[in-house]
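The values are calculated or read from the model by the stated rules, or taken from the named source; none is laboratory data. All values reported here derive from a predicted model rather than from experimental measurement. In this analysis, Cβ positions are derived from the backbone assuming ideal geometry, glycine residues included, and neighbour counts consider all displayed protein chains. Note: areas computed on protein heavy atoms with side chains; ligands, DNA, RNA excluded. Shrake-Rupley method; radii C 1.70, N 1.55, O 1.52, S 1.80 Å.
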Amino acid sequence: QKQNQHISAVIKELADLEVSYRFIKDETNARKERLEVAKTLQNLYPKIFGNMSAEQMLIKDITKEYKLLREAIIATAIADGIRNKIAEKTNKFLDKEKENLENVGKAKIAVDKARQSGDTTFSGQGETADITVTTEYKVDRANRALAQARKVREADRKDYERYVESMIKLGKPYESKKLLLGGDEDKKPKEKTDKPSSLTADQKDYIAEQ
């Protein structure tokens, strides 16, 4: 559900951007309204539109900036998605690590008990001979169980490290584009799914007519 909300927020941000871009470039709209929308875009994305005035945004070809911003928004969504996947994997790993440590601890205790147990003889019945389980056998079996517990723990740890390493590598190009939207602190207000629309009434009417 959280992932769906995140996707919905990204789609809404892209849609708002599309409407705003088309609105300020449509000269049939009131100039005052177009300037207002341009200023809104500057406030939302200063690293993209901060190097020009609102007036310049109306008359200048900002197609390049618009496409760059779209790419940055999508890249940010992908980068955040990868971060969330790493966080989910980390939580699962920590739970598994706790379980593995408990298993290793129990195996160590079993080894100590085996060393102190001494030989155990099971009396045979009828023609069946007595069976003696030696301390050496018990210790060997307990040590093999301990080795297996450690092996499982190590395998889980390596699996986690490989996953994180591959995800970080996958997200690296998207993280660089994410910087175009500002730092994480700058993006926090935009991550809220209940953010009121930045579109004016005129903008909404405009897009409805397209």
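Observations on the model:
- For segment 1-127: relative contact order, % (alpha-carbon pairs under 8 angstrom, 6 or more apart): 21 percent
- For segment 1-137, the mean projected area of the C-alpha convex hull, equal to one quarter of the hull surface, is 16.1 nm².
- Centroid-to-centroid separation of segment 81-141 and segment 32-80 [C-alpha atoms, Å]: 61 Å
- Neighbourhood charge, 9 Å Cβ-Cβ cut-off, centred on residue 180 and excluding it, Lys, Arg +1 and Asp, Glu -1: +2
- Accessible surface of segment 1-147, 1.4 Å probe, proportion on carbon and sulfur as whole %: 52 percent
- Ranking by accessible area, most exposed first, for 16, 112, 156, 119 with a 1.4 Å probe: 119, 112, 156, 16
- In this rough spin-label picture, where each label sits 7 Å from Cα along the Cβ direction, the residue 86-residue 33 distance is 4.4 nm.
- Amide H within-cut-off set for residue 133, under 5 Å, with H built and near neighbours excluded: 120, 121, 122
- What the Cβ-Cβ distance of residue 47 and residue 99 gives, at R0 = 41 Å and to the nearest 0.05, is a FRET efficiency of 0.35.
- A simple count of charges around residue 168, restricted to other residues whose Cβ falls under 12 Å of its Cβ and scoring Lys, Arg +1 and Asp, Glu -1, yields +3.
- Counting heavy atoms of the protein chains alone, residue 141 has an accessible area of about 130 Å² for a 1.4 Å probe.
- For segment 80-177, the set of GluC sites (Glu not before Pro) satisfying both a DSSP loop assignment and a count of at most 12 other C-beta atoms within 10 Å is given as 127.
- Restricting the trypsin sites (Lys or Arg not before Pro) of segment 35-78 to loop positions (DSSP other than H, G, I, E, B) with no more than 14 neighbouring Cβ atoms within 10 Å leaves 60.
- Segment 143-181-segment 5-30 distance, computed between alpha-carbon centres (Å): 38 Å
- Efficiency of FRET from Cβ geometry, residue 74 and residue 115, R₀ 45 Å, rounded to 0.05: 0.15
- Once the C-beta distance of residue 106 and residue 169 is scaled by a Förster radius of 41 Å, the resulting FRET efficiency is 0.65 to the nearest 0.05.
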